[in-house]
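Below is one structure, written out as structure tokens, with a few remarks after it.
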């Protein structure tokens with residue numbers, strides 16, 4: 001193993017002093033900065049000092065659990081897993097509900113360090129106001145473990161419930177961290193890549209709604225206005241072939257440029273659901289991009305992720321599989337095409353592309369449609385990096401897709417073209433017709449009568 005990073009060494013020293021008088025230690029460190037290595041080094045010190053007998057870890061997914069087992073085995077120099085004569089084991093939070101009484105008795109019979117990765121998944125200080133995982137911690141670990149270590153890169157919850165084992169200031173209700181390592185510090189120290197978030201928008205969008213034998217045309221100045229003043233939803237945009245093509249093309253261009261200097265660099269596409277993932281995969285195939293798709297229904301998904309971690313495949317298209325704590329260092333480009341719009345999820349996805357490979361590996365690129373909520377989250381991330389004015393960028397969708405007219409099962413089509421004349425909008429015509437797009441920056445979205453009725457039925 002390589003030497004500790006400066007922040008890990010400093011945090012380790014803080015924890016060693018803290019554990020002389022207190023049982024619980026909480027660390028907030030930006031995603032991708034090396035929290036698991038810190039936890040393993042702290043466990044190694046406690047074992048060497050004979051302050052604990054075993055280490056038991058919990059994490060949100062099997063992929064993260066597997067990563068913890070690898071790191072702990074390497075740092076401790078001994079087996080780590082659910083095997084005889086191991087120093088401890090790692091489990092998913094889901095498994096806590098199914099552990100037998102004999103498992104929980106270990107916390108009373110032995111001196112145990114309990115480690116919780118991404119502990120913000122576990123909510124509550126009161127059994128009546130906790131989620132299921134928080135209840136397990138309160139009932140079986142909170143007063144039984146010799147020491148606890150809570151780790152989080154995004155220590156807040158969408159439901160505003162308190163995080164299990166965490167402390168909060170009174171009366172402000174602010175989370176009290178025993179050690180904090182910010183994204184700005186991680187970028188300054190060369191621990192993480194500098195994020196480059198690109199909001200993809202268009203200054204002139206024309207929505208064409210086909211109705212019987214006529215077409216109604218409306219203009220919008222950006223995606224935000226389109227989403228707020230028309231029946232078109234964010235998910236409609238995510239599933240539109242032409243918009244997907246535009247976002248993927250930008251990502252492919254950046255990944256290709258990155259691979260000139262870092263040949264193993266890879267890209268992540270975060271999809272909305274399984275059908276969406278395969279739609280994206282078809283588009284990548286048409287663009288002659290190598291890829292792998294991993295979803296909850298993919299056979300041997302974990303093996304595919306492990307293979308992608310070490311091979312040179314360009315893209316991995318994922319639905320809730322490449323999430324928080326998943327360590328694939330070669331990922332440096334991401335197209336965020338998920339319908340999930342929570343700040344926690346958005347920041348965790350960004351964390352998947354922040355891990356550095358070498359000294360020349362300085363930037364990570366996230367591409368996202370300029371939806372208002374995601375724009376707000378992006379601005380907050382930029383605010384976290386006041387020393388870097390290049391964090392937040394914008395890009396106009398102005399590529400030409402003349403005659404593409406991608407037809408979908410739900411009946412919508414899209415068309416972009418570049419045609420230099422002065423006509424602002426076409427005149428309504430009888431029947432279905434090709435539209436003359438008159439500006440290279442103009443995007444035209446066409447919806448059939450059936451799709452229009454479908455949209456209205458959802459309102």
Could you tell me whether residue 16 is modelled with pLDDT under 95 and assigned by TED's automatic domain parsing to the domain that holds residue 138?
no
Of those in segment 154-175 that are at pLDDT 85 or above and over 23 Å from residue 60 (Cβ atoms), the residue farthest from the chain's Cα centre (by Cα) is 169
Unique match (being more than 22 Å from the chain's Cα centre (by Cα) and not in a helix (DSSP H, G or I)) among 272, 216:
216
Only residues that are part of a loop (DSSP other than H, G, I, E, B) and touching a helix residue (DSSP H, G or I) at 6+ places or on another chain (Cβ under 7 Å): list them for segment 102-119, please.
117
Would you confirm, using the coordinates I've provided, whether residue 298 is over 19 Å from residue 70 (Cβ atoms), surrounded by fewer than 19 Cβ atoms within 10 Å (Cβ to Cβ), modelled with pLDDT under 95 and in contact with a helix residue (DSSP H, G or I) (Cβ under 7 Å, 6 or more places away or on another chain)?
yes
Among the residues of segment 340-360, the number that are over 21 Å from residue 253 (Cα atoms), over 11 Å from the mean Cα position of the chain (by Cα) and buried (at least 16 other Cβ atoms within 10 Å of the Cβ) is 0
Given (1) more than 19 Å from residue 328 (Cβ to Cβ); (2) touching a residue at least 40 places away in the same chain (Cβ under 8 Å); (3) assigned to a helix (DSSP H, G or I), where does residue 45 come up short, assuming only one miss?
(2)
Residue count for segment 227-250, restricted to those that are outside any helix (DSSP H, G or I) and more than 22 Å from the chain's Cα centre (by Cα)
3
For residue 292, are the conditions met, namely being within 27 Å of residue 92 (Cβ to Cβ), assigned by TED's automatic domain parsing to the domain that holds residue 246 and surrounded by fewer than 23 Cβ atoms within 10 Å (Cβ to Cβ)?
yes
Within segment 157-191, track down each residue that is in contact with a helix residue (DSSP H, G or I) (Cβ under 9 Å, 6 or more places away or on another chain), part of a loop (DSSP other than H, G, I, E, B) and crowded, with 17+ Cβ neighbours inside 10 Å.
157, 161, 162, 164, 165, 166, 178, 191
Being over 19 Å from residue 323 (Cα atoms) and not in a helix (DSSP H, G or I) narrows it down to one of 279, 253, 264, so name that one.
264
Of the numbered conditions (1) assigned to a strand (DSSP E or B); (2) touching a helix residue (DSSP H, G or I) at 6+ places or on another chain (Cβ under 7 Å), residue 28 satisfies every one except a single condition; which is it?
(2)
So, in segment 48-71, of the ones that are in contact (Cβ under 8 Å) with a residue 24 or more places away in the chain and more than 22 Å from residue 99 (Cα to Cα), which residue ends up farthest from the chain's Cα centre (by Cα)?
51
Please specify each residue of segment 73-90 satisfying the condition of being at pLDDT below 85 and either under 25 Å from residue 164 (Cβ atoms) or assigned by TED's automatic domain parsing to the domain that holds residue 300 (or both).
81, 82
In segment 48-66, what count of residues is obtained for those that are assigned to a helix (DSSP H, G or I) and surrounded by fewer than 20 Cβ atoms within 10 Å (Cβ to Cβ)?
3
(1) under 26 Å from residue 73 (Cα atoms); (2) in contact with a strand residue (DSSP E or B) (Cβ under 6 Å, 6 or more places away or on another chain); (3) not in a strand (DSSP E or B): which one isn't true of residue 95, the others all being true?
(2)
Matching entry among 23, 70 (being assigned by TED's automatic domain parsing to the domain that holds residue 97, modelled with pLDDT under 95 and surrounded by fewer than 22 Cβ atoms within 10 Å (Cβ to Cβ))
70
Could you grab me the full set of residues in segment 192-223 that are surrounded by 16 or more Cβ atoms within 10 Å (Cβ to Cβ), touching a helix residue (DSSP H, G or I) at 6+ places or on another chain (Cβ under 7 Å) and over 20 Å from residue 378 (Cα atoms)?
205, 207, 209, 210, 220
Within the bounds of segment 285-292, is there any residue that is in contact with a helix residue (DSSP H, G or I) (Cβ under 7 Å, 6 or more places away or on another chain), under 22 Å from residue 384 (Cβ atoms) and not in a helix (DSSP H, G or I)?
no
If a residue has to be closer than 23 Å to residue 63 by Cα and out of contact with any strand residue (DSSP E or B) (no Cβ under 8 Å at 6 or more places or on another chain) to count, how many in segment 101-141 make the cut?
4
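The values are calculated or read from the model by the stated rules, or taken from the named source; none is laboratory data. Note that the structure is a prediction, hence the values are computed from the model and not measured. Backbone-built Cβ (ideal geometry, glycine too); neighbour counts: all protein chains shown.
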